[in-house]
Each structure stands twice: as C-alpha cells, then as structure tokens.
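Participant: Dropping the structure in here first, questions after.
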Amino acid sequence: MLIPIAINLSMGLMVLALGLHASWRDAISLLRQPGLLVRSFLSMNVIMVMIAVAMVLLFDLHPAVKIALVALSLSPVPPILPAKQTKAGGTVSYTASLLVIMAALSIIVVPLGIALLGDWAGLGIGVPAAKVASVVATGVFLPLVIGLAARQFFPSFATRLAHPLSLFATVLLIAAFIPVLIKIWPAMAAMVGNGTLVALAIFTVAGVLVGHTLGGPDPDNRTVLALASSARHPGVALAVASATFPDEKAVIAVVLWHLIASAIICIPYVNWRRRTHAATQSSAAR
C-alpha cells in the first residue's frame, strides 16, 4: 500500500520542484507560440502514435504490451523528465509550459485516441476521461500550482527549497521502485527476447529524432521536445492499460521497461545537448 503512495508522492514533488523554479507566465508560455505548440503536439501525439501503432501491427506482442505502447504514445510529459530537460539545456519556460499544456490536452487526447485506435486496431480498449483527469490533476496540476504560488509569494524560500526537494523526490522514487522491480521481475524478464524491448527502444530513439527535428530553430527547444517525445507519463499509461488488464503484471512491466530504456538510451543525447548548450553559453559570454 505504501509503495504506490511513495511513487506518486515522489512524482508530485518533482513537479512541485519545477514549479518553484517557474512563474505563471512560464506555465502558459507555449500558448504564445502557436507554431511551437502545433509542432509539439504533432511530435508527441501524432507521429509517435503512428510509430506505436506500427509496432503494434508489426510485432507479435502480448495484448497488454500493445495497449501499454499505445497508451504511452498518447500520454503527456512524465514528472521525472523536466529536471533532465533543464539540465540538458532546455529552458524552464518551455519545459514547464509543455508539462502543463500537454497534461491538460491529455484529458481529451487520451480517451479519444484510445477509443479511435482501439476500434481501428481491434484492441478493444477504452478509458474514462475522469480517470485520466484524476491522474493529471493530482500528479501535475496540483503540485505545479502550489510551486508556482510559492514562487510568486515566497521567491527566496522557493529558490532555496527547489533543489533539495528535487533531490529528495528522486531518492524517494528510486527507493519506491526497487521493491516493485523485485516483485514483477519475472514478468519483466519474460519480455527479454520477445520483441518488447526492441519495440520500446525503437519508440525511444524515434521520439528523440522526431522531437529534435520538430523542435524548431532554437536548440534548447529541440532538446526539450526530443526528451518529451521519447519518454511519457507512467501514471497515465498505467491508468489506460490497467482499465483493460487490471491484474496483468505485463502492464507494469512494460511501463517500467519504458522508463529504464528511455533513461539509458537518452544518456548520450543528454550529454551531447549539455555540452552543446555549455559551448553556446560560453561563446555568447565572450
């Protein structure tokens, strides 16, 4: 009972830490850039969905894995990602706004996309919008609003609290995931060699390439969108897949493999973007 609470709490604290760095203007900045907003949506919720559907049709995967893949492609930015995006050179403004806007759109996009794709691909799945809204409200909107409010009214306190809070949330998430990994490891091990990891690797690499391409002329925006397109909110994906397979461990296993694969595969990209950002900043300073 405590493990899911710890996982959800850690993700909420990560969003709270992002809010402590951002402003209300940052949170809605993407609305003032319609071109970037359209490209972001196209990258995350159109092209990546097409890639996920292609893998569902091409790979002989477990039905729960197919549903989880489609659900991941429709899910918004995961709470664990913003810290990585800003460290790699992404701006807090675009990072925070992408988190907020895509989370808000997911309340419509996820149920509608699941209904359409479920019928077309014969997956036979559906998820109530209220279930997605609940995950998004408690995991994204509430902690972000608290963080933004603290930043506005207590800026010095917010600045001091942001880093230790983010660090604590990361440690808590790792500690909470260890027993989960131990419990469902047999289900995860069964996916090695059956095409699941290959599909997830393709999804991640494709997300980086698509997001980087559609990020536009600003290199920092490219970094943010590349990482956002390759990694998705595990809570939303689990809500969708678990609605169809409530007792299927393969659902949790594929979501955990996605988190692990995206974290490992994106390391070279993050390091490259970090070096590029540092070199650009150094040149600008001179």
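Participant: With the checklist (1) surrounded by 21 or more Cβ atoms within 10 Å (Cβ to Cβ); (2) over 26 Å from Thr159 (Cα atoms) in hand, flag the one item Phe41 doesn't pass.
Facilitator: (1)
Participant: Could you check, for the stretch 47-55, whether at least one of its residues is within 23 Å of Trp257 (Cβ to Cβ) and at pLDDT below 85?
Facilitator: no
Participant: Right, next: Would a scan of the stretch 156-164 turn up a residue that is under 30 Å from Ile108 (Cβ atoms) and assigned to a helix (DSSP H, G or I)?
Facilitator: no
Residue-by-condition table, conditions (1) part of a helix (DSSP H, G or I); (2) touching a strand residue (DSSP E or B) at 6+ places or on another chain (Cβ under 6 Å); (3) modelled with pLDDT of 85 or more; (4) closer than 28 Å to Arg275 by Cβ:
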site	(1), (2), (3), (4)
Arg39	yes, no, yes, yes
Ala64	yes, no, no, no
Lys84	yes, no, no, yes
Ser97	yes, no, yes, yes
Lys131	yes, no, no, no
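Participant: Considering Phe203, Phe141, Phe177, Phe157, which residue is over 22 Å from Ala71 (Cβ atoms) and among the aromatic types (Phe, Trp, Tyr)?
Facilitator: Result: Phe157 is the single residue among Phe203, Phe141, Phe177, Phe157 that is over 22 Å from Ala71 (Cβ atoms) and among the aromatic types (Phe, Trp, Tyr).
Participant: Which residues, taken from the stretch 248-260, are touching a Phe, Trp or Tyr at 6+ places or on another chain (Cβ under 8 Å), surrounded by 21 or more Cβ atoms within 10 Å (Cβ to Cβ) and aliphatic (A, V, I, L, M)?
Facilitator: Val251
Each row is one residue, and each column tells you yes or no for (1) polar (S, T, N, Q); (2) at pLDDT below 85; (3) touching a helix residue (DSSP H, G or I) at 6+ places or on another chain (Cβ under 8 Å).
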position: Leu173; (1), (2), (3): no, yes, yes
position: Ala189; (1), (2), (3): no, no, no
position: Gly193; (1), (2), (3): no, yes, no
position: Leu200; (1), (2), (3): no, no, yes
position: Phe203; (1), (2), (3): no, no, yes
position: Ile264; (1), (2), (3): no, no, no
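Participant: Next question. Return yes or no: is Ser73 modelled with pLDDT of 85 or more, of a type in the set (S, T, N, Q) and either part of a loop (DSSP other than H, G, I, E, B) or under 17 Å from the mean Cα position of the chain (by Cα) (or both)?
Facilitator: So Ser73 passes the test.
Participant: Does Ser29 satisfy the condition of being of a type in the set (Ser, Thr, Tyr), farther than 28 Å from Ala201 by Cβ and buried (at least 21 other Cβ atoms within 10 Å of the Cβ)?
Facilitator: In short, yes.
Participant: For Thr213, indicate whether it is modelled with pLDDT of 85 or more and crowded, with 22+ Cβ neighbours inside 10 Å.
Facilitator: no
Participant: So, one more: Going through Pro246, Pro179 one at a time, which residue ends up being modelled with pLDDT under 85, out of contact with any Lys or Arg (no Cβ under 6 Å at 6 or more places or on another chain) and outside any helix (DSSP H, G or I)?
Facilitator: From the options Pro246, Pro179, the qualifying one is Pro246.
Participant: Regarding the stretch 133-141, can at least one residue be identified that is at pLDDT below 75 and more than 18 Å from Ala27 (Cβ to Cβ)?
Facilitator: No.
The values are calculated or read from the model by the stated rules, or taken from the named source; none is laboratory data. Given the structure is predicted, the values throughout are model-derived calculations rather than measurements. Because the Cβ atoms are built from the backbone with ideal geometry, glycine has one as well, and the counts that use them run over all protein chains shown.
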